[in-house]
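The values are calculated or read from the model by the stated rules, or taken from the named source; none is laboratory data. The shown structure was predicted, so the numbers you read here are calculated from the model rather than taken from an experiment. We place every Cβ from the backbone using ideal geometry, glycine too, and count neighbours over all the protein chains shown. We work out accessible area using only protein heavy atoms, side chains counted, and drop any ligands, DNA or RNA first. Shrake-Rupley method; radii C 1.70, N 1.55, O 1.52, S 1.80 Å.
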Amino acid sequence: MAAGDSDSWDLDTLAVHADCREPFIGAVTEPIVLSTTFAQPEPGKPIRFEYGRSGNPTRAALEQALAALEGGRFGLAFASGSAATLNVLATLSPGDHVICGDDVYGGTFRLLEHAKRTQNIELTRLDLRDMQAVSVAFQDRTRLIWFETPTNPTLKVFDIRRLSELAAARGAISVVDNTFATPILQRPLVLGATAVVHSTTKYINGHSDVVGGAVITNDSELYEKLKWTQNALGAVPSPFDCYLTLRGIKTLPLRIRHSSRTAHELAALLEAHPKVDRVFYPGLASHSDHALAIQQMALPGAMISLQLQGGLDAARAFLMSLRLFTLAESLGAVESLAEHPASMTHASIPGPERQRLGITDGLVRLSVGLESQRDLWADLEQALH
Ligand SMILES: *Cc1c(COP(=O)(O)O)cnc(C)c1O
């Protein structure tokens, strides 16, 4: 393929072709290169790769594909989403201040707290829908604003463009964890964010068989720092995991759009059900951030949270009655999953803080997969009953 072709491609085309065909033997799928070291024609003059931790052809293909999908120049793949987060936090200096969304992935919160204790980072957590509060939170030492949108598990939507503008005006970088939306539904870099982080474990790989992560950016200074930490910390993915993730990417646009449409229909049915108190889904008009969601996202996504009547007992009974939805942590795969945030994914958040975030004992989170809408609804309906 000629360089530059990909600039004009649609996301569906990029998903299939952005890894760029291997040029030597014409393999149509990316070869899995297991070699940990690469011959050098002259001492200290490698051809392209030298050592498997520093770089690998299969990983380079994945990094290129991820960068293209997010509309970024640089992609970096990691051994997990948490490793990607850790690498970004490792670029901070002692005394730096970080602003973070109040509703971030539990493991991200854990790493931020760790940075606070061990790297002397200052941390402010906020509901980032309150722009006034965000403006006030910025200090001279603010280096980074970090958020997810939609958030987990209450699916609040934050304004990527405005928050990125605010950060840039104050000399800080903005990092968006785009795991829930994927580049198919929203592209933060195009909206002005400095970098995107992914747990590729979720939608990007999409088949519940790889743990992985990534960072994508257009900022060459940040890229150079991350390239250094990627090699120095060494939390890199295996070539086989890179291959599987590349394979997942080929169908990402089809999977996320299909799941999102099914989720939208299910959310509307759940909202009308007498045993459901409240449904959190950005595609519903009843959602507090609906207007921003339809403006910022191509589709509202495939995650739904619902508040059942009857609290903890009702949530437990519901989850244990599901037959098609698997009771498990994680999300974003071909199979539908259900979980109980208060006792599973968000159990590490102290009780009062959970209450404040709306993570009540009756809250259930659904990740809608690729099964038929009819079968999924039949399962939800019998479990509600
Ligand atoms: C799962 C997840 C992570 C962490 O990724 P791992 O691959 O599990 O390390 C980070 N952010 C979000 C939004 C996630 O869902």
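A few remarks follow.
- Taking 16 Å as the straight-line reach from the Cα of Lys227, the aspartates and glutamates in range (excluding those fewer than 8 positions away in the same chain) are Glu50, Glu63, Asp219.
- Summary of the geometry: segment 25-50 and segment 355-370, compared by the centres of their Cα atoms, lie 46 Å apart.
- Distances between placed amide hydrogens fall under 5 Å for Phe280 paired with Ser305, Leu306, Gln307, all partners being 5 or more residues away or on another chain.
- Summing charges over neighbours of Ile184, with a neighbour being any other residue whose Cβ is under 15 Å away from its Cβ, gives +3 when K and R count +1 and D and E count -1.
- Selection among Ala168, His273, Pro341 by position relative to the dipole of the chain gives Ala168 as farthest towards the positive end (Cβ unit charges, Cα centre).
- Annotation: per residue accessible area for segment 253-384 equals 42 Å², rounded to a whole number [probe 1.4 Å, protein chains only].
- Above-threshold pairs, the threshold being 31 Å between Cα atoms, out of Lys250/Lys275; Lys225/Lys250; Lys45/Lys116; Lys116/Lys275: Lys250/Lys275; Lys45/Lys116; Lys116/Lys275
- Relative packing of 314-324, 339-349, which averages over residues the other C-beta atoms within 10 Å, highest first: 339-349, 314-324
- Accessible carbon and sulfur surface of segment 253-384 relative to its total accessible area, %, 1.4 Å: 54
- The accessible surface of segment 5-249, taken with every protein chain in place and a 1.4 Å probe, is 52 percent carbon and sulfur.
- For segment 181-189, the Karplus equation 6.51 cos²θ - 1.76 cosθ + 1.60, evaluated at θ = phi - 60°, returns couplings of 9, 6, x, 6, 9, 7, 10, x, 5 Hz by residue, with Gly and Pro reported as x.
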